[in-house]
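Shown next, in structure tokens, is the structure this report addresses.
The values are calculated or read from the model by the stated rules, or taken from the named source; none is laboratory data. What you are looking at is a predicted structure, and each value in this text was computed from that prediction instead of being measured. Please note: Cβ atoms are built from the backbone with ideal geometry, for glycine as well, and neighbour counts cover all protein chains shown.
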Amino acid sequence: MERVKQARARAHVARLELSAAQEAVLDGQAHTARALWNLLHEYFTFRQGRFATLKECDEAIRAARREIDWMGQLPAQAAQAVLKTYRQAWANFFNPDHPAQRPTFKTRLRSRPAVDVPQARDLQIKRVNRRWGAVNLPKVGRVRFRWTKDLPGVTKGGPAGRITGARLVKDAFGWQIVFRTETMTAAVTDTHLGPAVGIDRGITVALALSDETMREHGPWLTGGEREHLRRLEKKSARQRRTRTPGRPTSKRLTRTYDQIARLRATAKRRALDWQHQTTTELADTFGVVVVEDLKITNMVRSARGTIEQPGRNVRQKAGLNRAITGEAWGRTLTLLEYKTHDRGGLVVKVPAPGTSQTCHRCGHRHPASRAGTRFSCANAACGWIGHADTNAAINIRNAAGTAVSGRGDLGTTRSAKRQPPRAA
């Protein structure tokens, strides 16, 4: 197999060990970055019939940093990174192939605190011991971070490459640093020799494969953790009832919210770990992965309706929406795409309608054929009986010739575009 060197961009997340003073500085920088985004959005959009140019936005940021004292909390390079991210958000919105929504204001409670460190030379990364490393953060100082893997260009004898920058992000467990790395890896110029497989994403069965195997997982939280979460949610509801509208949130309610957020963050971390392990195994095994082109945003829309036309089965639909969101189908596909591409494989998306109601053996389609996880072909001449998700996965694999999109090794003869029907 012929191999050439190529640069591969990846991210590595590590937990920061901060003092109370350092955490307060980072919190202030994150709030300043959010306020700068809002000021940019107001300046950029509320003009006399036109958007502001990049030069005008840059001059406005420089003027604000001179005139507003608290703007100085945010390093100048981080402020420029906010402008770059904001302009990219508009570029994504105007791109017809990108699902991004129109940029809007960021609220204090719903936005994720983050600060960018765009230049790697400011970091001065060094390994302290087997478990910890140290990094310089602008206006924060020297900070230790959890060392879990070798970083390119830092560890002697480690992977070849470099660190191009970092981003500081806060979640329910505290501040973390996301290193942007660029490594030189051997690019596979030949196609993956593994077989093709169709994958049906579901709720009862997480991933059903066309080879009649399944990839399943248990609950993201244990029974005790789920009960604890339920009690905390009831507690927060009681505390909200006694809260005076317009008054600041009490410390007790804030503490309850923090406990809920940590439990949900724990569930998300476990889900992400399972997704990484499962997608790596699939990318190593199969050369072509065929999935449905699902419009997940449309699938999780509320069924509440309007006052004039109220929806039906609203609570059941809300529970279904939560289950779909908890499976994070879009994230699974994103991980599978880049891992399959790195191994010379291909991910193909096919039209979704009819895959779960059509018999893969005879092609007969009828809604009554599927009942829960059991598929029984309504065609008396066929009568195939089996797992409904497996049947759907086989239909997805067989529909690869009608692909609506694809991503993988572009050097192969397998086109990712829609192909015309072949003559018999």
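What to note about this one:
- Some residue of the range 212-228 being closer than 28 Å to P353 by Cα and assigned to a strand (DSSP E or B): yes
- Residues that are polar (S, T, N, Q) and under 21 Å from I163 (Cβ atoms), drawn from the range 89-134: Q119, Q124, N129
- Among residues of the range 166-195, those that are surrounded by fewer than 19 Cβ atoms within 10 Å (Cβ to Cβ), in a strand (DSSP E or B) and of a type in the set (G, A, S), counted: 3
- Beta carbons closer than 7 Å, at least 6 apart along the sequence or on distinct chains, pair a first residue in the range 224-235 that is in contact (Cβ under 8 Å) with a residue 40 or more places away in the chain with a second that is assigned to a helix (DSSP H, G or I) for E225/L263.
- For the range 109-125, a tally of residues being over 20 Å from A76 (Cβ atoms) and surrounded by 10 or more Cβ atoms within 10 Å (Cβ to Cβ) returns 3.
- Helices (runs of 4 or more DSSP H) contained in the range 266-384 and holding at least 2 residues in contact with a strand residue (DSSP E or B) (Cβ under 9 Å, 6 or more places away or on another chain), in contact (Cβ under 8 Å) with a residue 60 or more places away in the chain and within 19 Å of A206 (Cβ to Cβ): 329-342
- Any chance A35 is of a type in the set (G, A, S) and loosely packed, with under 14 Cβ neighbours inside 10 Å: no
- Residue count for the range 77-122 satisfying the condition of being assigned to a helix (DSSP H, G or I) and within 21 Å of A21 (Cα to Cα): 2.
- The single residue among D27, D69 that is charged (D, E, K, R) and within 17 Å of V117 (Cβ to Cβ) turns out to be D27.
- Qualifying residues in the range 144-159 (those that are under 27 Å from the mean Cα position of the chain (by Cα) and hydrophobic (A, V, I, L, M, F, W, C)) - the one nearest to R15 (Cα to Cα): F145
- The range 15-66: number of residues that are part of a loop (DSSP other than H, G, I, E, B) and among the β-branched types (V, I, T): 1
- Against the list (1) surrounded by 18 or more Cβ atoms within 10 Å (Cβ to Cβ); (2) under 23 Å from the mean Cα position of the chain (by Cα), the condition C359 fails is (2).
- Selection from the range 126-141 of residues that are surrounded by 15 or more Cβ atoms within 10 Å (Cβ to Cβ) and outside any loop (DSSP other than H, G, I, E, B): R127, G133, A134, V135, N136, L137
- Members of the range 162-201 found to be at pLDDT below 90, touching a helix residue (DSSP H, G or I) at 6+ places or on another chain (Cβ under 9 Å) and of a type in the set (S, T, N, Q), listed by number: T185
- The set of residues in the range 236-258 being in contact (Cβ under 8 Å) with a residue 24 or more places away in the chain and loosely packed, with under 15 Cβ neighbours inside 10 Å consists of D258 alone.
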